[in-house]
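> So that we are looking at the same thing, I have put the structure below in structure tokens.
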Amino acid sequence: MNINESLKKAAILLKEISYTDPYTESKNILSFLLKKDTSYLFAHSDQELSPEILNKYFDIINKRKEGYPLQYIYGYTEFFGRNFIVNRNVLIPRQDTEVSIENIIKVIRIENKKSFLDIGTGSGAVSITINLETNIKTVACDISKDALKVAKENAAKLKADVYFIQSDLFENINDKFDIIYSNPPYIESGVIDTLQAEVKEHEPILALDGGEDGLFFYRKIIENAPTFLNANGFLIFEIGYNQGEEVSRLMKNRFDTKIIKDLNNLDRVIIGKMRG
């Protein structure tokens, strides 16, 4: 089977998937396997593929047909210009979270902050990126040993200086910080089943389920964060598109808050500066 025939067959297999463009994805997967860009596929469309490549190719296509995320298949994803190892033990970093990165960096530089805690670090994408971009003292925690293993691998690969702790929120945290950040699970429990298959069936539910109203972890972190923040410290959250007002309300007793929108003009980040 040649390149052109393989692409056509793969696109047919993927045609019923609602969350991707079958032909584009078919090309990208084959490019990944051949280690060639997509222009090569057009220029060599009649090239016969080896049985080994064909087997690998259609194995991936069939996994995608069942909703298996491409990032887990590849074993990595790109975030803020760097490649991060990912597997089923960690949530796949989203481009939307780069809004968090940009605003955390602004706070660090404008406010001259020296220490940073990332709660629920997952793959370590945020804590590692912040450390590499600013050289701030960085600590990251997660309840999952398996997630921390991935985060440590990423830190070693990217040469980031991040100290990782297994902790259920603040349980094993002893220091104080200038900035505490979290992108906690914030999807309402009742909504999980409505998510697309590649999310609900393959990404860790532990990193998705935010309780009945999606705010369980925000409440816990907001309640305890002042104990672990230095004077004039900041509590920064990534939030769901409809959670800005509610999370701001939860923070109002101790924090002055500002909501940051993403490129789609949806609420994405809350920056809270602690009073007193």
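The values are calculated or read from the model by the stated rules, or taken from the named source; none is laboratory data. Source: prediction; values computed, not measured. Positions of Cβ are backbone-derived with ideal geometry, glycine not excepted, and every protein chain shown enters the neighbour counts.
> For region 76-83, check the following and say yes or no: at least one residue is at pLDDT 95 or above, surrounded by fewer than 19 Cβ atoms within 10 Å (Cβ to Cβ) and of a type in the set (S, T, N, Q).
Yes, that holds for at least one residue.
> A further question follows. Which residue out of Ile271, Ile260 is surrounded by 13 or more Cβ atoms within 10 Å (Cβ to Cβ), closer than 19 Å to Leu117 by Cα and in contact (Cβ under 8 Å) with a residue 60 or more places away in the chain?
Details: Ile260 fails: closer than 19 Å to Leu117 by Cα.
Among Ile271, Ile260, only Ile271 is surrounded by 13 or more Cβ atoms within 10 Å (Cβ to Cβ), closer than 19 Å to Leu117 by Cα and in contact (Cβ under 8 Å) with a residue 60 or more places away in the chain.
> Let me ask something else. If the Cβ limit is 6 Å and pairs must be 6+ apart or interchain, which residue in region 227-242 that is surrounded by fewer than 23 Cβ atoms within 10 Å (Cβ to Cβ) and at pLDDT below 95 pairs with which residue that is in a loop (DSSP other than H, G, I, E, B) and among the aromatic types (Phe, Trp, Tyr)?
Once the first residue is surrounded by fewer than 23 Cβ atoms within 10 Å (Cβ to Cβ) and at pLDDT below 95 and sits in region 227-242, its partners that are in a loop (DSSP other than H, G, I, E, B) and among the aromatic types (Phe, Trp, Tyr) give Gly240/Tyr186.
> To continue, here is another question. Taking region 45-85 only, how many residues are among the polar types (S, T, N, Q) and in contact with a helix residue (DSSP H, G or I) (Cβ under 6 Å, 6 or more places away or on another chain)?
Kept after step one, since they are among the polar types (S, T, N, Q), are these residues of region 45-85: 45, 47, 50, 55, 62, 71, 77, 83.
Still in the list and also in contact with a helix residue (DSSP H, G or I) (Cβ under 6 Å, 6 or more places away or on another chain): 45, 47, 77.
Number of matching residues: 3.
> What's the total number of residues in region 157-186 that are part of a loop (DSSP other than H, G, I, E, B) and either among the β-branched types (Val, Ile, Thr) or touching a His at 6+ places or on another chain (Cβ under 6 Å) (or both)? Full working, then the answer.
Here is the first cut: in region 157-186, the ones part of a loop (DSSP other than H, G, I, E, B) are 159-161, 167-176, 183-186.
Still in the list and also either among the β-branched types (Val, Ile, Thr) or touching a His at 6+ places or on another chain (Cβ under 6 Å) (or both): 173.
The total comes to 1.
> With the requirement that a residue be in a helix (DSSP H, G or I) and surrounded by fewer than 14 Cβ atoms within 10 Å (Cβ to Cβ), what does region 39-67 give you? Working first, answer last.
Within region 39-67, the subset in a helix (DSSP H, G or I) is 39-43, 51-65.
Scanning region 39-67 gives Ser39, Phe42, Ala43, Pro51, Glu52, Asn55, Asp59, Asn62.
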